[in-house]
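Asks: Handing you a structure now.
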Amino acid sequence: MNPDDVVLAFNPGTLVILDVVLGLIMFGIALDTTLDDFKVVARKPKPFVIAILAQLIVLPAVTFALTLILPVTPSMALGMILVACCPPGNISQVLTHRSGGNVALSVSMTAVSNLIYIFVLPLSVAFWGSLHPTASKLLEAVSLDPWSMLGEILLIIGVPFALGLFIRYRFEGFARTVQPFVKWFSLIALCAFIVGALAGNWQYFIAFLGIIVLVVTIHDAVALAIGYGTAVVGGLGTRERKAMTFEVGIRNSGLGLGLIFTFFGGLGGMAIVAGWWGIWDIIAGLIVAALWARHTRRRTGSAKGDASRHAVRSLDAGGPGTTEGPASAPGADSPAADGPSGAAS
């Protein structure tokens, strides 16, 4: 059995539910976004510029190389490319928080980058997919129209995001109250949909289990490494490195799954890659966040650590302020308080 010959079974009603769930995810992100988040990016653009370059250029390029190295079929290769071209998922903020990273920076990067991805995603998929020696034939077969995909993304991302921003601006108290419920409900609903999708096509998932797990595990690890590596090269501090790692490593594969069913007819290799990615990147992200927080806590006395290593030196000297460095001071969750600096914990 070849995954390129498999088409996963979904009815139109199920796809409507997926679109609603994806819209709720974007709505929840917008409810947690303020104008200050955009102003922070304008005032301190360095972390954001590094993140955007890592997501829009480095990750798709490295993914393209992986599709040539790993033993994947054309549909699996195109699925990897599509996932790499998707915007960051909102679970990145949860993982950033659990690891002791800069949550405000993560929120800012997610908010701004999702707006950019509305226009960039279709072009990026078309560009990298057309370069692939075998996957390009699949693009030709479906006659992918980037403008049609742009329209779909505007409905799924743009409209809910704009509505959420408006409600946050006009009814801030209401937005603060409902945001946690919307965020967690949409995340749980997406996970349930992906699990249901895999369960409903279990025979195909089991048939390709070995190669899918191998490919997604490697791809996800590389994505996380790209986020961390670009933050290190950019000279960002510990908390910013954590935010960057999850911002680049966690992708909105649920959106990718919706696009696969809309534009690629549920092509097996693409759908299974995107579906398993949606489950695995949460599992891997939680593990990385927990281990990273523990490692930083052991070195500095706090999961948040200290970007300048001052806390490490104070701790070794037994001086005052040995439990937390400046990064854990009040207001440290704001990007302004967590300015980039060189050392990591």
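Asks: For a quick check: with amide H placed at 1.01 Å from N, whose amide H comes under 5 Å from residue 251's, ignoring anything fewer than 5 positions away on the same chain?
Replies: Under 5 Å from the amide H of residue 251 lie the amide H atoms of 89, each far enough along the sequence or on another chain.
Asks: Ignoring ligands and nucleic acids, what accessible area does residue 297 show with a 1.4 Å probe (Å², nearest 10)?
Replies: Taking all protein chains as shown, residue 297 has close to 120 Å².
Asks: Can I ask one more? In 10 Å bins starting at zero, report the fraction of Cα pairs in the range 111-204 per bin as a rounded %.
Replies: P(r) for the range 111-204, in whole percents per bin: 14, 27, 35, 19, 6, 0.
Asks: Using r as the Cβ-Cβ distance of residue 297 and residue 233, and R0 as 35 Å, what FRET efficiency do you calculate, to the nearest 0.05?
Replies: On the way: r = 25 Å, r/R0 = 0.73.
Taking R0 as 35 Å, the efficiency between residue 297 and residue 233 is 0.85.
Asks: In the range 217-276, what is the volume of the convex hull around the alpha carbon atoms, normalised per residue and reported in Å³? Please report the intermediate quantities before stating the final value.
Replies: Numbers: hull volume 4.7 nm³, N = 60.
Dividing the Cα hull volume of the range 217-276 by its residue count gives 79 Å³.
Asks: Which order do you get for 27, 166 if you rank them by accessible area with a 1.4 Å probe, largest at the top? Spell out each step's value before the answer.
Replies: On the way: 27 35, 166 105 Å².
Greatest to least solvent exposure: 166, 27.
Asks: Within 15 Å, Cβ to Cβ, of residue 183, how many net charges do the neighbouring residues add up to if Lys/Arg are +1 and Asp/Glu are -1?
Replies: Values: positive: 98, 168, 176; negative: 32.
Net charge in that neighbourhood comes out at +2.
Asks: Still on this structure, please answer the following. Gap in Å between the Cα centre of the range 21-84 and the Cα centre of the range 148-226?
Replies: When both Cα centres are located, 13 Å separates them.
Asks: Does the range 179-235 come out rounded, prolate or oblate, given a ≥ b ≥ c as the square roots of the eigenvalues of its C-alpha gyration tensor, rounded meaning a/c under 1.5 and, failing that, prolate meaning a/b above b/c?
Replies: Details: a/c = 7.01, a/b = 1.24, b/c = 5.65.
Taking the square roots of the gyration eigenvalues as a ≥ b ≥ c, the range 179-235 is oblate.
Asks: Below 10 angstrom from the Cβ of residue 277, what's the summed charge of the other residues (Lys, Arg +1; Asp, Glu -1)?
Replies: With Lys, Arg at +1 and Asp, Glu at -1, the net is -1.
Asks: Hey, another quick one. Within the P(r) computed for the range 75-140, what percentage of the Cα pairs occupies the region above 19 Å?
Replies: Numbers: 965 of 2145 pairs.
When all Cα pairs of the range 75-140 are counted, 45 percent exceed 19 Å.
Asks: Can I ask one more? How do 82, 150 rank by accessible surface area computed with a 1.4 Å probe, from largest to smallest?
Replies: Numbers: 82 0, 150 25 Å².
Final ranking, largest accessible area leading: 150, 82.
Asks: Also, quick follow-up: When all protein chains stay in place, what accessible area (Å², nearest 10, 1.4 Å probe) is found for residue 233?
Replies: Approximately 130 Å² of residue 233 is accessible to the 1.4 Å probe.
Asks: If I ignore ligands, DNA and RNA and count only protein heavy atoms, how much of residue 53 is accessible to a 1.4 Å probe, in Å² to the nearest 10?
Replies: 90 Å²
Asks: To check my understanding: the extent here is largest minus smallest coordinate of the Cα atoms along each principal axis. What are those three numbers for the range 28-85, in Å, largest first?
Replies: Cα spread of the range 28-85 along its principal axes, largest to smallest: 45, 26, 9 Å.
The values are calculated or read from the model by the stated rules, or taken from the named source; none is laboratory data. Predicted model only: the values in this text are computed from it and were never measured. Methodologically, a virtual Cβ is constructed for each residue, glycine included, from the backbone with ideal geometry; neighbour enumeration extends over all protein chains shown. Keep in mind that these areas ignore ligands, DNA and RNA; they rest on the heavy atoms of the full protein, side chains included. Shrake-Rupley method; radii C 1.70, N 1.55, O 1.52, S 1.80 Å.
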